[in-house]
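To start, the structure itself, in structure tokens.
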């Protein structure tokens, strides 16, 4: 999902533990440190799911389609999401934190994950291999520009003097 919900190299600068967006793939009704919130509300019109890791660089059509396909895949395959995490995930001991899956750590990692696990996206023709391959190629090209060129901060840190 991260390839669509966090589609730039810059997306991963905020996806670090304890920073802006939750990185642990867990859900809760009240816990803002969980990446998915299902807030409790007595009003049926107020029911919703909050996915907290996507960023504004995402194409909403691709991101929402991928999120919906992941949800439908979980329902169809009866994938148990685990128990709700109602404790502060930012304060977990390291051994407990290791047991909780996390979002991808980089665009390269997200693209590799998309390439390896795409079957659920293709159900019903929502996505197809040509589209996914073209997207991966485009984003890898963008990623390589950053990997192969020094960042201005590197110049500031190492070449200033």
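List of remarks:
- If only residues of the stretch 119-135 that are in contact (Cβ under 8 Å) with a residue 60 or more places away in the chain and in a loop (DSSP other than H, G, I, E, B) are counted, the one that is surrounded by the fewest Cβ atoms within 10 Å (Cβ to Cβ) is 126.
- Candidate set: the stretch 64-94, residues that are outside any loop (DSSP other than H, G, I, E, B) and modelled with pLDDT under 90; chosen: the one surrounded by the fewest Cβ atoms within 10 Å (Cβ to Cβ): 94
- Some residue of the stretch 67-81 being in contact with a strand residue (DSSP E or B) (Cβ under 8 Å, 6 or more places away or on another chain) and more than 25 Å from residue 9 (Cβ to Cβ): yes
- So residue 25, is it at pLDDT below 90 and surrounded by 11 or more Cβ atoms within 10 Å (Cβ to Cβ): no
- Test: residue 89 is more than 25 Å from residue 143 (Cα to Cα), in contact (Cβ under 8 Å) with a residue 60 or more places away in the chain and touching a helix residue (DSSP H, G or I) at 6+ places or on another chain (Cβ under 9 Å): yes
- Given (1) in a helix (DSSP H, G or I); (2) under 23 Å from residue 20 (Cα atoms); (3) within 15 Å of the chain's Cα centre (by Cα), index of the condition residue 115 fails: (2)
- Selected residue (only one of 49, 36 is modelled with pLDDT under 95, under 19 Å from residue 1 (Cα atoms), surrounded by 17 or more Cβ atoms within 10 Å (Cβ to Cβ) and out of contact with any helix residue (DSSP H, G or I) (no Cβ under 6 Å at 6 or more places or on another chain)): 36
- First in the stretch 97-116 and over 17 Å from residue 147 (Cβ atoms), second anywhere and assigned to a helix (DSSP H, G or I) and modelled with pLDDT under 95, Cβ under 8 Å, 6 or more apart: 97/89; 100/89
- Among the residues here, residue 4 does not qualify as part of a loop (DSSP other than H, G, I, E, B), under 30 Å from residue 140 (Cα atoms) and either touching a residue at least 40 places away in the same chain (Cβ under 8 Å) or under 17 Å from the mean Cα position of the chain (by Cα) (or both).
The values are calculated or read from the model by the stated rules, or taken from the named source; none is laboratory data. Source: prediction; values computed, not measured. Neighbour counts run over all protein chains shown; Cβ positions are idealised from the backbone, glycine included.
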